[in-house]
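K.L.:
Here it is, the structure, as structure tokens.
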Amino acid sequence: MLAQEIIRAKRDGQALNEAQINHFVRGLVDNSWSEGQVAALGMAVFLKGMGRDEAVLLTRAMMNSGRVMRWPDMPGPVLDKHSSGGVGDKVSLMLAPMVAACGGYVPMIAGRGLGHTGGTVDKLEAIPHYTTTPDPAKFDQIVRTLGCAIIGQTADLAPADKRFYATRDVTATVESVPLITASILSKKLAAGLEGLAMDIKCGNGAFASTPEFAKELAESIVAVAGGAGLKTRALITDMNQILGTDVGNSLEVIETIRYLKGDHREPRLHEVTLALCAEMLVLGGLAADAAAARVKLQAALDSGAAAEKFARMVVALGGPSDLMERPEAYLTAAPVVRPVAAPRAGVITTMSTRDLGVAIVELGGGRRKAGDAIDMRVGFSDVKPIGTRVAAGEPLALIHAADEAAADRAVASYLAACMLGDADVAATPMVMAEVG
């Protein structure tokens, strides 16, 4: 079988069969397909699309391109959640221990920041000595004993996806629904899950900027996951403003700790976290419906069980034993903290969320290129949401920066990204749609 004939078939709009797809995926792993051939097939799929059956075959082949985790004799359902990425999205940090406290087992393999969006692994690495790369036996043991562990992606899970994504990233073929679907699901299936909740972010701070694209992606993921044998539900959630009150790696860990301890729960963040956790409990048979799931989840928060799970996970992965009691002792503060003063009285009407994510990167809180070191201290805190009425000079947020010049630039960026008006703004629903 020739690579060029497989490319030709897809170029001409034909559906690829299992043998052709398996040949391609093997070629990704053993390098028998050149970069040019990989790029050509990616562009052919981008332009001609893929049917559901093709996407299932591609997902399965990429899943089986490396190690596939198994969880024999697990006393409860193995569940996970995946987000398409947002600004201030620290939901995974609360969700894993909350679901674990309700009887689920969450082997979460998370990613790093990409573009203007933050990464769960980067946030956790703000915690001193927390290891995101434990050996497989230790990961298995922590999940089995605690119910959750959040670690980074490993090279042996779906290695075909890693190479294919890297090529797509530099050939303008990332925005293909079937390829996004296969990329996400191949890794989740390789983690040995029984149920998956998808969080498709939608809005000006999300990869899916329109409701139509978000719905197309959600429907594709749910259908292909089902075809591959993984029960999945998707929520389309709002990303037209920062999620929560803090953005930046250390700051988001602090917000997580405050959330789990009950000191501070921003309403939009609380709603999306509860909604996704509830989907996981229902998928795993741990609750009869979403309402019953929410009761269990709130009890896990109020009793301190979820906070205890998080604390024990941190210790099991090398972090400090008293992080929950003394986060400020371990999560270093930025040397410069500067308010963003409202230029006039009014109501916050819109937020260019993507631009604020880029401003975090410019502060040093994200990567301009692979391999860049991250300044864990920087970011925004005390972010006021859309709909807030402010007086002239009142802080819209606090900037945390490495120096005065960086703070000046971030203040200017923040003011450019937030629009003030005079009329009140109606609240938008956090969960915009459900699929599955």
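K.L.:
For the chain, which whole percent of the accessible surface, found with a 1.4 angstrom probe, sits on carbon and sulfur atoms?
P.N.:
54 percent
K.L.:
Limiting things to C-alpha atoms, what are the Rg and the maximum Cα-Cα separation (Dmax) for the range 188-237, in angstroms?
P.N.:
Rg and Dmax of the range 188-237, Cα atoms, are 11.4, 33 Å.
K.L.:
Can I ask one more? How far is helix 91-101 tilted off the main Cα axis of the chain, in degrees rounded to 10, range 0 to 90?
P.N.:
It works out to around 80 degrees.
K.L.:
For the range 381-436, rounded, prolate or oblate, judged on the Cα gyration tensor with a ≥ b ≥ c (square roots of eigenvalues), a/c < 1.5 rounded, else prolate if a/b > b/c?
P.N.:
Here the range 381-436 falls in the oblate category.
K.L.:
Another question, if that's okay. What number results when the radius of gyration of the range 179-286, computed over Cα atoms, is divided by 2.2 N^0.38 Å?
P.N.:
1.16
K.L.:
So which trypsin sites (Lys or Arg not before Pro) in the range 351-436 pass both tests, a DSSP loop state and at most 14 other Cβ atoms within 10 Å of the Cβ?
P.N.:
Answer in residue order: Arg368, Lys369.
K.L.:
Given the DSSP H assignment, sum -39500 (n - 2.57) over each helix run of at least 4 residues in the chain and divide by its residue total; what's the result at 222 nm in deg cm²/dmol, nearest 500?
P.N.:
When only DSSP H runs of four or more count, the value is -14000 deg cm²/dmol.
K.L.:
How far apart, in nanometres, would the label points at Thr131 and Ala345 be if each is projected 7 angstrom from Cα along the Cα-to-Cβ direction?
P.N.:
My value for the distance between the label points is 5.8 nm.
K.L.:
Related question: Can you figure out the FRET efficiency of Asp322 with Asp372, using R₀ = 25 Å and their beta-carbon distance, to the nearest 0.05?
P.N.:
0.20
K.L.:
Using θ = phi - 60° and the Karplus form 6.51 cos²θ - 1.76 cosθ + 1.60, what ³J(HN,Hα) does each residue of the range 421-432 get, whole Hz, x for Gly and Pro?
P.N.:
Ordered by residue, 3J(HN,Hα) equals x, 10, 8, 5, 10, 5, 5, 9, x, 5, 9, 8 Hz.
K.L.:
Further, regarding this structure: So which GluC sites (Glu not before Pro) in the range 249-341 pass both tests, a DSSP loop state and at most 12 other Cβ atoms within 10 Å of the Cβ?
P.N.:
Here the GluC sites (Glu not before Pro) that fit, given the DSSP loop and packing criteria, are Glu325.
K.L.:
Mind listing the long-range amide H neighbours of Ser209? Cut-off is under 5 Å, sequence gap 5 or more, other chains count too, H placed in the peptide plane at 1.01 Å from N.
P.N.:
Gly203
K.L.:
While we're looking at this one, here's another question. Kindly provide log₁₀ I(q)/I(0) values, in the same order as q = 0.07, 0.09 Å⁻¹, from the Debye equation applied to equal alpha-carbon scatterers of the chain.
P.N.:
One equal scatterer on each Cα of the chain leads to -0.34, -0.57.
K.L.:
Something else now. Helix 35-48 against the longest principal axis of the chain: what's the angle in degrees, Cα atoms only, rounded to the nearest 10?
P.N.:
Result, in degrees: 80.
K.L.:
Where does helix 18-30 land angle-wise versus the long Cα axis of the chain, in degrees 0 to 90, nearest 10?
P.N.:
Compared with the principal axis, the helix lies near 60 degrees.
K.L.:
Which FRET efficiency value, to the nearest 0.05, do you get for Arg67 and Thr210 by plugging their Cβ-Cβ distance into 1/(1 + (r/R0)^6) with R0 = 56 Å?
P.N.:
Between Arg67 and Thr210 the formula returns 0.95.
K.L.:
On the first, second and third principal axes, largest extent first, how far apart are the outermost C-alpha atoms of the range 4-115 in Å?
P.N.:
Result for the range 4-115: principal-axis Cα extents of 52, 37, 26 Å.
K.L.:
Just to be sure I understand the curve: with the Debye formula and one point per C-alpha of the range 123-164, what is log10 I(q)/I(0) at q = 0.16, 0.18, 0.29 Å⁻¹?
P.N.:
These q points yield log10 I(q)/I(0) values of -0.51, -0.62, -1.03.
K.L.:
Simple spin-label model, 7 Å along Cα-to-Cβ: Ala333 to Ala292 in nm?
P.N.:
Going by the 7 Å Cα→Cβ label model, 4.7 nm.
K.L.:
Distance in nm between label sites at Asn17 and Thr171, each 7 Å beyond Cα in the beta-carbon direction?
P.N.:
That separation, rounded to one decimal, is 2.4 nm.
K.L.:
Please compute the per residue accessible area over the chain with all protein chains in place, 1.4 Å probe, rounded to a whole number of Å².
P.N.:
Value returned for the chain: 39 Å² of accessible area per residue.
K.L.:
Once phi is turned into ³J(HN,Hα) by the Karplus curve 6.51 cos²θ - 1.76 cosθ + 1.60 with θ = phi - 60°, what whole-Hz value does each residue of the range 120-135 show in order, with x for glycine and proline?
P.N.:
Per residue, the Karplus-derived 3J(HN,Hα) values read 4, 5, 4, 4, 5, 6, 6, 7, x, 6, 5, 9, 9, 10, x, 6 Hz.
K.L.:
Could you give the radius of gyration (one decimal) and Dmax (whole number) of the Cα atoms in the range 334-400, in Å?
P.N.:
Answer for the range 334-400, Rg first and Dmax second: 13.6, 42 Å.
K.L.:
Take every Cα-Cα pair in the range 87-185 and report what % of them are more than 23 Å apart.
P.N.:
Within the range 87-185, distances greater than 23 Å cover 34 percent of Cα pairs.
K.L.:
So what J values fall out for the range 201-218 if you push phi through Karplus, 6.51 cos²θ - 1.76 cosθ + 1.60 with θ = phi - 60°, rounded to Hz, Gly and Pro as x?
P.N.:
6, 9, x, 6, x, 10, 4, 8, 7, 10, x, 5, 5, 4, 5, 4, 5, 4
K.L.:
Give me the net charge for the shell around Asp156: Cβ to Cβ below 11 angstrom, other residues only, Lys and Arg +1, Asp and Glu -1.
P.N.:
The answer is +2.
K.L.:
Count charges around Gly365 for me, please; just the other residues with Cβ under 12 Å from its Cβ, Lys/Arg as +1, Asp/Glu as -1.
P.N.:
-2
K.L.:
Can you put Ser321, Ser92 in order of accessible area, largest first, using a 1.4 Å probe?
P.N.:
Ranked list, largest accessible area first: Ser321, Ser92.
K.L.:
Please give me the summed charge of the neighbours of Ala15: other residues whose Cβ is under 15 Å from its Cβ, Lys and Arg +1, Asp and Glu -1.
P.N.:
Net charge in that neighbourhood comes out at 0.
The values are calculated or read from the model by the stated rules, or taken from the named source; none is laboratory data. All values reported here derive from a predicted model rather than from experimental measurement. No Cβ is skipped: glycine too gets one built from the backbone with ideal geometry, and neighbour counts run over all protein chains shown. What goes into the accessible areas is simple: the full protein's heavy atoms, side chains included, and nothing from ligands, DNA or RNA. Shrake-Rupley method; radii C 1.70, N 1.55, O 1.52, S 1.80 Å.
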